[in-house]
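See structure below.
What follows is calculated from the coordinates using simple rules that are stated; it is not laboratory data. Source: prediction; values computed, not measured. Note that we place each Cβ from the backbone using ideal geometry, even for glycine, and neighbour counts take in every protein chain shown.
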């Protein structure tokens, strides 16, 4: 029998964009030739990122996160800012048997308060700071051994290598986000943030 | 009774990244002070977008797509390239009662072949061109009345305004994507593309 009414293609379920209220609980900058950061009262952002920061630049050199390029390939710098959350750092610390992991040790620029599961915030989400700055989420930050090494040094771990290697394993999907500057200006510690979570759907090829 | 074994937080379902094979079926550039494009054999891409194109630039002025900014605010140009698919343009044309909608009419730069539901490709997906260029998907392109007006003029619609206004209604989630240059170089018409569809999950705040 002919199917005169073939089933239409299943419509895609769209989760609408939504707003969350958050806060820039603390700010950090990497002032030297090293990724580790230190607390500051404000961040001055241009289109190239944080003025004077280790990760500033309109382009950057590729590394282990881009296995598809020869190491050192010049590419767009979508990793201008590193965002972390205190609750996620606490979970990582617990999994590593440590009392704490400070944002500075792993080169964070922004400690975000008020966004549940910060690391899971979808790409393209916008953070509007009350003072006028906007940053756009590029992606989840993939934890690496170098940040693990920095933690191992700060806690004076007995087995430095083991501690360094543990971080990439237990910090997956908890190490925060990377973002770039959509609209420059100055962010001040304690500033309110309106987070616009992107529309979401599942793509099926 | 105490719940001694409270249910653990439901783990997030992660859809792994995957690869698709595609092709740059045709290329277009907007050579003048207008968004409409014309066919070319190659696109020369720098970090600022398509060399000489109407939408080139490291920054742009905000418009109706960014209702949260005063119109004309300088912001990062994440809309360097416009990507469309022939099957999606055909669906829009059908909904508008037209024989066709050409990529040039709505300012497309790249006609992509081989990606099902191109407009639904998730933000952050990467298009690796065989010749070395990489572009990164920023977002779905929201159809606007200005592109509708261009279609109305090309088909010499009896009611220009009605045709122009129909486009934003029927082209939603079918009007392709916008992207920016991650790695510059030259794209040639017919070139193969390896598409890396981003990892996906649903964020629930």
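Rounded, prolate or oblate, given the Cα gyration tensor of the stretch A:147-205, with a/c below 1.5 counting as rounded? It is oblate, given that a/c is not under 1.5 and a/b is not larger than b/c. Distances between equivalent label points of residue A:97 across the copies, with each point positioned 7 Å along Cα→Cβ, amount to 7.5 nm, shortest listed first. Computed from the Cβ-Cβ distance with R0 of 22 Å, the FRET efficiency linking residue B:74 to residue B:33 stands at 0.70. Give me the percent of Cα-Cα pairs in the stretch B:92-159 that sit more than 20 Å apart, rounded to a whole number. Cα-Cα pairs of the stretch B:92-159 separated by over 20 Å account for 40 percent.
Scanning chain B for the Cβ atom closest to the axis that brings B onto A yields residue and whole-Å distance B:123, 2. Roughly how tilted is helix B:145-154, in degrees to the nearest 10 and between 0 and 90, from the longest Cα axis of chain B? So the helix axis and the longest Cα principal axis differ by about 40 degrees. Plainly put, the tip 7 Å out from Cα toward Cβ on residue A:64 is 4.8 nm from that tip on each other copy, the closest given first.
Averaged across A:95-104, how many Cβ atoms of other chains sit within 10 Å of each residue's Cβ atom?
Details: counts 0, 0, 0, 0, 0, 0, 0, 0, 0, 0.
Mean partner-chain Cβ count within 10 Å for A:95-104: 0.
Mean partner shielding of peptide A:194-205, defined as the number of other chain Cβ atoms within 10 Å of each residue Cβ, is 5. Take residue A:31, move 7 Å from Cα toward the beta carbon, and the resulting point lies 5.3 nm from the same point in each other copy, nearest first.
Suppose R0 equals 45 Å; then what is the FRET efficiency for residue A:159 and residue A:20 from their Cβ-Cβ distance, rounded to the nearest 0.05? Efficiency, from the Cβ-Cβ distance: 0.70. Neighbouring Cβ atoms from other chains, within 10 Å of the Cβ of residues in B:120-132, number 3 on average.
If we count other beta carbons within 10 Å of each Cβ, what is the order of B:135, A:14, B:187, fewest first?
A:14, B:187, B:135
Computed over the Cα atoms of the stretch A:69-124, the ratio of the radius of gyration to the Kirkwood radius (Rg/Rh) comes to 1.06. Here the average projected area of the convex hull drawn through the C-alpha atoms of the protein assembly as shown stands at 26.0 nm². Here, the stretch A:18-201 is characterised by an Rg to Rh ratio of 0.95, where Rg is the alpha-carbon radius of gyration and Rh the Kirkwood radius.
Using alpha carbons only, the radius of gyration of the stretch A:105-205 set against its Kirkwood radius gives Rg/Rh = 1.05.
How big is the shadow of the Cα convex hull of the stretch A:12-78, averaged over all directions, in nm²?
Approximately 7.7 nm², given one-decimal rounding.
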